[in-house]
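Everything below concerns the one structure shown next.
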Amino acid sequence: MGFILAASGSAVGLGNVWKFPYIVGENGGGAFVLIYLVCIFVIGTPVMLAEFTLGRKTNRNPVGAFEQLRPKSPWIGIGYMGVLGGFLILSFYGVVGGWTFAYVVKSITGSVLAFPHSKEPGEFFASFIGNSWEVLFYHALFMGTCIAIVLRGVHGGIEKACNILMPTLVIILVLLMIRSLTLDGAMEGVAFYLTPDFSKITGSVVLIALGHAFFSLSLGMGAMITYGSYLSEKENLASSTAYVVMLDTLIALLVGMVIFPAVFAMGLEPAEGPGLVFSVLPTVFASIPLGHGVAVIFFVLLAIAAVTSGISLLEVVVAYFIDQRGWQRKRAVLIAGLTTFAFGIPSGLSFGVMADVKFLGMTFFDNIDSIASHYLLPLGGMLTAIFVGWVWGTKNVHIEIEKHNNKFGFPWAQSWDFLIRYITPVAVGIVFIATVFY
Ligand code: PHE
């Protein structure tokens with residue numbers, strides 16, 4: 001159970017609560033959700049099983065894992081891409097993690113709930129993220145927390161935290177969903193969220209959905225290889241995969257059912273971007289009994305969920321420096337953590353003083369997110385699938401999974417083989433090509 005909790009601690013995070021609703025809102029609603037779900041089950045799930053297996057088999061960090069199975073080969077490059085991906089993602093993830101820390105404080109003082117009109121929380125949020133010093137202060141606090149935990153090693157505390165975190169998060173989301181669905185005009189939001197309208201779907205929209213499937217499941221950059229390496233041989237890899245995927249998807253879908261009914265009921269804009277949940281939720285809290293307390297609990301849970309994902313990102317980079325470069329844990333954590341923080345500063349300022357500094361029409365924040373989520377993760381996932389399916393071989397995966405009398409038979413094994421060898425590489429390839437042409 002401990003491992004499943006740690007792996008879901010990595011998967012469930014800001015991707016589910018902050019990013020999923022805002023990209024659904026920006027990319028047209030129901031059709032995007034459907035494509036996302038197909039990517040999760042057809043592409044993400046097989047890759048997760050592959051990463052867990054690679055990690056447990058080799059007991060190494062991502063670079064070490066490929067190196068052990070195919071020494072001195074270009075495949076080790078997948079591991080390096082993962083370490084780079086972890087660094088890039090954490091650099092902007094830490095900024096948004098900082099926002100959640102700030103909202104813990106602001107919900108305790110009550111300032112986020114102090115608005116009678118539904119448009120005001122959005123303005124409150126915009127003025128907060130435009131305030132450089134405040135944003136950087138909380139960004140530093142978030143990174144400091146991750147650094148402090150990873151310094152002690154990822155075992156122990158995290159598993160216990162997730163034990164309480166996951167069930168409480170699900171319960172709160174169900175309660176909030178009930179409130180959202182009973183607001184006047186909620187059904188318009190449900191229709192937006194659940195009725196597919198494919199007219200808005202282009203190659204790049206599919207790439208965003210695909211990238212987010214990897215992002216949300218923590219795949220394509222070795223986080224699940226690293227966590228798999230902590231796993232004992234008794235554990236059933238296939239059912240662990242199923243459990244993590246289900247929980248992660250359930251939480252994302254629930255969040256959507258909280259956000260979109262409320263967005264439409266309050267006459268807000270679903271495509272408003274990264275501020276969406278922060279602008280919508282305060283009004284929902286303000287409209288329920290004991291809303292102040294619920295808001296505090298919610299933002300505390302979100303902050304913990306962000307930290308448990310943040311440490312898995314940092315741990316990938318740290319494990320590389322410890323295992324491959326022979327650094328002491330302390331040195332690896334401090335250097336990796338502080339460098340990531342520093343590189344994240346322009347992302348933190350992207351909604352304020354650097355809002356007009358654009359490259360390819362995007363802010364620094366959006367560029368880093370896009371490089372990592374739309375390119376590095378899908379590419380990493382595709383290469384991992386090719387490596388496992390064609391180079392290391394699916395036979396070896398079956399042997400690893402079936403240790404200690406765990407069963408991996410018909411039809412699961414055959415379906416998995418087919419997905420990882422053919423579907424994952426081809427589908428990701430097609431999406432990359434489609435982005436260029438459509
Ligand atoms: N899956 C995490 C989330 O949804 C983010 C993450 C991505 C963590 C990649 C680790 C690796 O918030």
(message) A 23 angstrom limit on the alpha carbon distance is what I want to check against. Which of Lys160/Lys407; Lys330/Lys403; Lys57/Lys234; Lys119/Lys358 exceed it?
(response) Lys160/Lys407; Lys330/Lys403; Lys119/Lys358
(request) Round to a whole angstrom and tell me the spacing of the C-alpha centers of the stretch 241-291 and the stretch 1-60. (result) 18 Å
(request) Compute the acute angle (0 to 90°) between the alpha-carbon long axis of helix 132-151 and the principal axis of greatest extent of the alpha-carbon atoms of the chain; round to the nearest 10°. (result) 30 degrees
(request) Any chance you could give the angle, 0 to 90 degrees and rounded to 10, that helix 237-265 forms with the longest Cα principal axis of the chain? (result) 20 degrees
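Hey, got a sec? Which trypsin sites (Lys or Arg not before Pro) in the stretch 31-139 land in a DSSP loop and have at most 15 other Cβ atoms within 10 Å? Mind showing how you got there, number by number?
Numbers: sites: Arg56, Lys57, Arg60, Lys72, Lys106, Lys119; in loops: Arg60, Lys72, Lys119.
In loop regions of the stretch 31-139 (DSSP not H, G, I, E or B), the sparsely surrounded trypsin sites (Lys or Arg not before Pro) are Lys72, Lys119.
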(message) As a test of the formula, what do you get for the chain when each DSSP H run with n ≥ 4 contributes -39,500 (n - 2.57) and the sum is divided by the residue count, at 222 nm and rounded to the nearest 500 deg cm²/dmol?
(response) -22500 deg cm²/dmol
(request) Under 1.5 on a/c is rounded, so check that first for the stretch 178-224, then, if it is not, pick prolate when a/b is larger than b/c and oblate when it is not; a ≥ b ≥ c are the square roots of the alpha carbon gyration tensor eigenvalues. (result) oblate
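Under 1.5 on a/c is rounded, so check that first for the stretch 1-99, then, if it is not, pick prolate when a/b is larger than b/c and oblate when it is not; a ≥ b ≥ c are the square roots of the alpha carbon gyration tensor eigenvalues. Display every interim value, and only then the final one.
Values: a/c = 1.90, a/b = 1.67, b/c = 1.14.
Taking the square roots of the gyration eigenvalues as a ≥ b ≥ c, the stretch 1-99 is prolate.
Using the Cα centre of the chain as the reference point, and only Cβ charges (+1 on K/R, -1 on D/E), how large is the resulting charge dipole? Debye, rounded to the nearest 20.
On the way: 22 positive and 23 negative charges, 267 e Å.
Taking the Cα centre of the chain as origin, the dipole is about 1280 debye.
Rounded to the nearest 0.05, what FRET efficiency do Asn163 and Val436 have when you use their Cβ-Cβ distance and R0 = 60 Å? Display every interim value, and only then the final one.
Numbers: r = 45 Å, r/R0 = 0.75.
With a Förster radius of 60 Å, E is 0.85.
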(message) I'd like the Karplus ³J(HN,Hα) series for the stretch 10-26: coefficients 6.51, -1.76, 1.60, θ = phi - 60°, whole numbers in Hz, and an x wherever there's a Gly or Pro.
(response) 6, 5, 7, x, 4, x, 6, 8, 9, 7, 3, x, 6, 6, 4, x, 6
(message) Positive end of the dipole of the stretch 42-165, charges at C-beta (+1 Lys, Arg; -1 Asp, Glu), about the Cα centre: which of Trp133, Gln68, Asn163 has its Cα farthest in that direction?
(response) Gln68
(request) Set Lys and Arg Cβ to +1 and Asp and Glu Cβ to -1, take the dipole of the chain about its Cα centre, and tell me which of Pro346, Val174, Val316 lies farthest positive. (result) Val316
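Please state the shape class of the stretch 336-395: rounded when a/c is under 1.5, otherwise prolate if a/b exceeds b/c and oblate if not, all from the C-alpha gyration tensor.
Working: a/c = 6.17, a/b = 2.39, b/c = 2.58.
The shape class here is oblate.
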(message) Output the 0 to 90 degree angle, nearest 10, between the alpha-carbon long axis of helix 120-129 and the longest principal axis computed from the alpha carbons of the chain.
(response) 50 degrees
(request) With label points built 7 Å along Cα→Cβ from the Cα atoms of Lys200 and Ala342, find their separation and express it in nm. (result) 4.1 nm
(request) Consider just the alpha-carbon atoms of the chain and return their Rg together with their Dmax, both in angstrom. (result) 20.8, 63
(request) Starting at the first residue of the stretch 49-60, write each ³J(HN,Hα) from the Karplus equation 6.51 cos²θ - 1.76 cosθ + 1.60 with θ = phi - 60°, in whole Hz, x for Gly and Pro. (result) 4, 4, 5, 4, 5, 4, x, 5, 4, 8, 6, 10
(request) Can you tell me the FRET efficiency between Val357 and Leu37 if r is taken as the Cβ-Cβ distance and R0 is 35 Å, rounded to the nearest 0.05? (result) 0.45
(message) Output wanted: per-residue J couplings in Hz (rounded whole) for the stretch 197-202, from phi through Karplus 6.51 cos²θ - 1.76 cosθ + 1.60, θ = phi - 60°, x for Gly and Pro.
(response) 10, 6, 5, 8, 8, 10
(request) Rounded to the nearest Å, what's the spacing between the alpha carbon centres of the stretch 102-141 and the stretch 358-418? Just the number, please. (result) 37 Å
(request) Quick one: go through the stretch 274-298 and flag any residue whose amide nitrogen is under 16 Å from the point 7 Å out along the Cα-to-Cβ line of Ser127. (result) 279
(message) Skipping prolines and chain starts, which residues have an amide H placed within reach, meaning under 5 Å, of the one on Trp327, given they are 5 or more residues away or on another chain?
(response) Ile322
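Here, each number is a calculation from the coordinates, and none is a lab measurement. Here the structure is a predicted model, which is why all the values come from computation and not from measurement. Please note: Cβ atoms are built from the backbone with ideal geometry, for glycine as well, and neighbour counts cover all protein chains shown.
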